[in-house]
Amino acid sequence: MSYPTQPAYIHTGDWDASTRSHPAMKFMENFTRNAIDARSWTTGTPADEWHVPSFTLYKPNGEEFHGAEKAWGEGIPGIYAYFSAHLHEPNFCVVWETEGGWDMLGQANVYANLHVPGSEPKVKDGSGKEWDVVTPSAFHFAYVKDSKAKHDGVRLQSTRIFADSGPALMMMLKRGQVKTADLGL
C-alpha cells in the first residue's frame, strides 16, 4: 500500500527568521505573543481578529468550545485564569499545507506565574526570565488562508491543546491558590 506524501515544514527551537518566512508560522508567532501571551481577550480584542467565526477550541480536559466568540470569551480565558502571567516558548513544529491553509503540530514549554507567591525554586525560560512553573505542552492548529484577515491573511480554524496540568495544579494546591474542594474531590 502506498500513502500520499507532501512536503512539510519542520522547525526546532524558538521563533526566528526561518519561522517568520512561513506564512502560518509568522501568523502563529504574532498570535502567540500579541494575543495569547499578551492576554488580549481582556483588552476588547474581537474574537474574529484571530479566528474564523466557526473556530473550535479543544481544551486538554476534553471540553470543547464551538464558535470564536465562545472560545475567545470563555474557553481561552478559562485556561489562563489561574496564571498572573504566562509565556509560550516553542521548541518544535511540523507544518503542512491543506486545501484551505495549513495544519501544524507543535510542542512548547508554557511558563507561568501563579496568583499566590511561593518560596519554591523558579524555572527559567530560554531568555533567562524566571517563572513559577513550566508545563510542556503540545498543540494542533488548523489555519485558513483569508484575504480579509487582519494578520497576514491567516486566521485560526481550530486549536487542540494537549498538556499535563498536574505540576501547575500541585503548586496551586501547595500555595493555597486552589483547595481540594475546588476540584470536586
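The values are calculated or read from the model by the stated rules, or taken from the named source; none is laboratory data. On a predicted model such as this, the values are computed, not experimentally measured, just so you know. A quick note on method: Cβ atoms are made from the backbone with ideal geometry, for glycine too, and the neighbour counts reach across all protein chains shown. SASA here: full protein model, heavy atoms, side chains in, ligands and nucleic acids out. Shrake-Rupley method; radii C 1.70, N 1.55, O 1.52, S 1.80 Å.
Got a number for carbon plus sulfur as a percent of the chain's accessible area, 1.4 Å probe?
55 percent
So what's the Cα pair-distance distribution over the chain, bin width 5 Å, in %?
Result returned by the calculation: 1, 7, 15, 20, 20, 16, 10, 6, 3, 1, 0, 0.
Among the aspartates and glutamates, which have Cα under 17 Å from the Cα of K70 when same-chain residues fewer than 8 positions away are ignored?
Answer for K70, where 17 Å is the Cα cut-off: D48, E49, listed by chain and number.
Considering only DSSP beta bridges with both partners in the chain, what is the antiparallel share in %, to the nearest 5?
90 percent
At a Förster distance of 22 Å, what's the computed FRET efficiency of E49 paired with E74, Cβ-Cβ distance as r, to 0.05?
Given R0 = 22 Å and the Cβ-Cβ separation, E is 0.80.
What is the spread of the Cα atoms of region 1-98 along each of their three principal axes, largest first, in whole Å?
Computed over the Cα atoms, the extents are 44, 33, 24 Å.
Hey, how many Å between the Cα centroid of region 38-59 and the Cα centroid of region 128-185?
Using only Cα atoms to place each centre, the spacing works out to 14 Å.
Estimate the FRET efficiency between K148 and A85 by the formula 1/(1 + (r/R0)^6), using the beta-carbon distance for r and 30 Å for R0, to the nearest 0.05.
0.40
What number does region 112-182 give for Rg over Rh if you use C-alpha atoms and the Kirkwood radius?
Looking at region 112-182, the ratio lands at 1.15.
Test of understanding: what is the full-extension gain from H140 to D125, defined as 0.36 nm times their sequence separation minus their Cα-Cα distance?
3.2 nm
Which lysines have a Cα lying under 26 Å from the Cα of K174, excluding residues fewer than 8 positions away in the same chain?
K59, K122, K124, K129
A38 to Q6: FRET efficiency via 1/(1 + (r/R0)^6), r the Cβ-Cβ distance, R0 41 Å, to the nearest 0.05? The partial results should precede the final answer.
Numbers: r = 34 Å, r/R0 = 0.82.
So, using R0 = 41 Å, E works out to roughly 0.75.
Taking the mean number of other Cβ atoms within 10 Å as a proxy for protection, how do you rank 117-125, 23-31 from highest to lowest?
On the way: 117-125: 11.7, 23-31: 21.1.
Per-residue mean Cβ counts within 10 Å order the peptides as 23-31, 117-125.
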